[in-house]
Amino acid sequence: MDYRWRYQDADGREVDGPDEVFADQTAAEDWFGAEWEALRQAGVSSVTLLRSESEVYGPMSLSPAE
């Protein structure tokens, strides 16, 4: 199964983002760990990790903790 990220704006609508596909969850999370700040700066407010089309977890906010 493949893993990918779904990107959402502040209203929860899906937005375009990098179309990366990963072989496993660890690879997806490692990539996200390196890219989350760039995603936030590009206007992504939250992400959801998908395995095929099933949600693994999310949405997860990219906003700083208060």
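The values are calculated or read from the model by the stated rules, or taken from the named source; none is laboratory data. Owing to the predicted nature of the structure, the values given are computational and were not obtained by experimental measurement. All Cβ positions, glycine included, derive from the backbone under ideal geometry; neighbour counts span all protein chains shown.
Residue 48 - would you say it is hydroxyl-bearing (Ser, Thr, Tyr), modelled with pLDDT of 95 or more and out of contact with any Asp or Glu (no Cβ under 6 Å at 6 or more places or on another chain)? Before the answer, list the steps.
On the way: hydroxyl-bearing (Ser, Thr, Tyr): yes; modelled with pLDDT of 95 or more: yes; out of contact with any Asp or Glu (no Cβ under 6 Å at 6 or more places or on another chain): no.
When the stated conditions are applied, residue 48 does not pass them.
Would you say residue 48 is out of contact with any helix residue (DSSP H, G or I) (no Cβ under 8 Å at 6 or more places or on another chain) and either more than 15 Å from residue 62 (Cβ to Cβ) or exposed (fewer than 10 other Cβ atoms within 10 Å of the Cβ) (or both)?
It is false that residue 48 is out of contact with any helix residue (DSSP H, G or I) (no Cβ under 8 Å at 6 or more places or on another chain) and either more than 15 Å from residue 62 (Cβ to Cβ) or exposed (fewer than 10 other Cβ atoms within 10 Å of the Cβ) (or both).
In the stretch 1-23, the residue that is surrounded by the most Cβ atoms within 10 Å (Cβ to Cβ) out of those that are among the charged types (D, E, K, R) and closer than 14 Å to residue 35 by Cβ is 4.
If you go through the stretch 38-66 and keep only what is over 23 Å from residue 1 (Cα atoms), of a type in the set (D, E, K, R) and touching a Leu at 6+ places or on another chain (Cβ under 8 Å), you end up with just 40.
May I ask you to list the residues in the stretch 24-36 that are under 18 Å from residue 62 (Cα atoms) and surrounded by 10 or more Cβ atoms within 10 Å (Cβ to Cβ)?
From the stretch 24-36, those under 18 Å from residue 62 (Cα atoms) are 28-36; that's our starting set.
28, 29, 30, 31, 32, 35, 36 - these are the residues of the stretch 24-36 that are under 18 Å from residue 62 (Cα atoms) and surrounded by 10 or more Cβ atoms within 10 Å (Cβ to Cβ).
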